[in-house]
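Novice: Pasting a structure here, questions to come.
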Amino acid sequence: MQNTVIVPERFKGPPQSGNGGYVSGAFAAFLPTKPDRCPEITLRSPIPLDTLMRIEPLNDHETGEVRVMHEQTLIAECRMIESPFETLAIPPCPDPQRIEAALPNSLAFKQNINPLLPNQQGFHPICFCCGAEHETGLRVFPAPLEEGHVGALWATEEAWGVEGRIPEPFLWTALDCPAQFAYMNQSIKTGLMGRMTAEILSLPVAGQTLIVSAWTTAIEGKKHFAGSAIFDLDQTLLARAITVWIGGEPLSS
């Protein structure tokens with residue numbers, strides 16, 4: 001088994017750290033495939049970019065657990081868990097025309113929404129997933145639907161394809177940021193994502209437009225839970241995820 005991993009700078013979320021969805025998908029590739037189980041990735045530290053990290057198996061045959069380490073810093077804990085998706089209620093696939101009509105109101109385009117990044121566009125302007133200022137990003141721009149629910153039309157590119165299909169880490173990426181936008185559509189600004197569990201049901205053909213949906217599900221203390229899903233234009237479910245975001249405060253207007 002490969003025992004190292006590097007997250008290239010392209011796949012950043014915050015300016016100095018990897019996008020949580022992308023790195024979760026990349027780390028999940030080091031886990032064994034098990035029936036009725038899904039990868040659960042818990043992020044413990046910011047993910048360094050363009051930096052060698054170690055994959056350390058823990059020799060747990062049931063979960064296949066591995067740790068991702070940078071020098072002496074624990075970056076992530078990864079394991080296979082029993083699928084939680086039987087109890088995840090997924091809202092109906094959003095209507096593309098409704099998403100398109102709401103797109104101008106996406107917080108991905110709002111100036112100065114993040115006080116740490118003045119005079120820039122969107123909450124994470126250079127994020128690989130939702131950054132309007134990322135030149136080679138995925139351009140997943142969540143638009144507000146009902147309170148606590150957002151949708152995005154995701155125009156994928158043929159050039160992203162691996163044997164013609166969207167690679168799994170890109171799907172994990174698209175399932176990530178919209179969940180935070182769902183909370184912002186509930187007037188809550190969460191902290192960064194702490195945990196992600198995802199299930200890829202089918203790899204879509206690269207170059208088609210997909211529909212991403214995300215919604216808030218529960219708040220337990222500092223933990224903010226959300227669901228997300230990817231559909232094709234025929235409303236076929238392709239992927240789904242549960243994310244946990246740590247911390248929250250009112251979103252300034």
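A short reminder: the numbers here are calculations on the coordinates, not readings from a lab. Quantities reported herein were computed from a predicted structural model and do not represent experimental measurements. So basically every Cβ, Gly included, is an ideal-geometry build from the backbone, and we count neighbours across all protein chains shown.
Novice: Can you tell me, using C-alpha contacts under 8 Å and at least 6 residues apart, the relative contact order of the chain as a whole percent? Spell out each step's value before the answer.
Specialist: On the way: 631 pairs, mean separation 44.4, N = 253.
Reported relative contact order: 18 percent.
Novice: Report, by chain and number, residues whose modeled amide H sits under 5 Å from the one on Gly13, excluding near sequence neighbours (fewer than 5 apart, same chain).
Specialist: For Gly13, whose amide H was placed from the backbone, the distant partners under 5 Å are Gly18, Asn19, Phe128.
Novice: Taking amide H atoms as placed 1.01 Å from N in the peptide plane, list the residues 5 or more away in sequence, or in a different chain, whose amide H sits under 5 Å from that of Arg195.
Specialist: Result for Arg195 returns Leu43, Val244.
Novice: For a distance above 32 Å, tell me the whole-number percent of Cα pairs in the chain that qualify. All intermediate terms of the calculation are to be shown ahead of the outcome.
Specialist: Numbers: 4717 of 31878 pairs.
Value for the chain (Cα pairs over 32 Å): 15 percent.
Novice: Tell me which residues come under 5 Å, amide H to amide H, from Ile75 once H is placed; ignore anything under 5 positions away on its chain.
Specialist: Val68, Met69, His70
Novice: With the cut-off at 24 Å, tell me which of the pairs Lys12/Lys34; Lys110/Lys223; Lys34/Lys189; Lys189/Lys223 have Cα atoms farther apart than that. Write out the running numbers ahead of the final one.
Specialist: Working: Lys12/Lys34 29 Å; Lys110/Lys223 26 Å; Lys34/Lys189 35 Å; Lys189/Lys223 12 Å.
With Cα atoms farther than 24 Å apart: Lys12/Lys34; Lys110/Lys223; Lys34/Lys189.
Novice: Related question: Ignoring everything except DSSP H segments at least 4 long, calculate the 222 nm mean residue ellipticity for the chain; use -39,500 (n - 2.57) per segment, divide by total residues, nearest 500.
Specialist: On the way: 3 runs with 33 residues, N = 253.
Helices in the chain give a 222 nm mean residue ellipticity of -4000 deg cm²/dmol.
Novice: Measure nothing but the geometry: give the 0 to 90° angle between the long axis through the Cα atoms of 168-184 and the longest principal axis through the Cα atoms of the chain, rounded to 10°.
Specialist: Helix 168-184 sits roughly 50 degrees off the main axis of the chain.
Novice: Separate question: Could you list the GluC sites (Glu not before Pro) in the stretch 50-89 that lie in coil according to DSSP, counting only those with at most 12 other Cβ atoms within 10 Å of their Cβ? Walk me through the numbers on the way to the answer.
Specialist: Numbers: sites: Glu62, Glu65, Glu71, Glu77, Glu82, Glu86; in loops: Glu62, Glu65, Glu71.
Listed in order of number, the matching sites are Glu62, Glu71.
Novice: Let me ask another. Along the charge dipole of the chain, pointing to its positive end and built from +1/-1 on Cβ of Lys, Arg, Asp and Glu, which listed residue (Pro167, Pro84, Thr4) has its Cα farthest out?
Specialist: Thr4
Novice: Suppose a student asked you for the relative contact order of the stretch 4-85, using Cα pairs under 8 Å spaced at least 6 residues apart; what percent would you report? Please report the intermediate quantities before stating the final value.
Specialist: Values: 155 pairs, mean separation 26.9, N = 82.
Relative contact order for the stretch 4-85 comes out at 33 percent.
Novice: What are the ³J(HN,Hα) values, in whole Hz, obtained from phi via the Karplus relation 6.51 cos²θ - 1.76 cosθ + 1.60 with θ = phi - 60°, for each residue of the stretch 125-133 in sequence order, with x given for Gly and Pro?
Specialist: x, 10, 5, 4, 8, 10, x, 6, 9
Novice: Can you list the HN-Hα couplings for the stretch 196-213, worked out from phi with the Karplus curve (6.51, -1.76, 1.60; θ = phi - 60°), rounded to whole Hz and with x for Gly and Pro?
Specialist: 9, 10, 9, 9, 9, 8, 7, 7, x, 5, 5, x, 8, 8, 10, 10, 10, 10
Novice: Here's something else I'd like to know. Just want the answer: with Cβ charges of +1 for Lys and Arg and -1 for Asp and Glu, which residue in Pro142, Leu117, Ile200 is farthest toward the dipole's positive end in the chain?
Specialist: Value computed over the given set: Leu117.
Novice: Moving on. Nothing charged except the Cβ atoms of Lys and Arg (+1) and of Asp and Glu (-1): what's the magnitude of the dipole of the chain about its Cα centre? Round to the nearest 20 debye. Don't skip to the answer; put the middle values down first.
Specialist: Details: 17 positive and 28 negative charges, 108 e Å.
It comes to approximately 520 debye.
Novice: After finding the eigenvalues of the alpha carbon gyration tensor for the stretch 84-147, what semi-axes result from the square roots of 5 times each, listed largest first in whole Å? Provide the component values of the computation, followed by the final result.
Specialist: Working: eigenvalues 126, 43, 28 Å².
That gives 25, 15, 12 Å for the three semi-axes.
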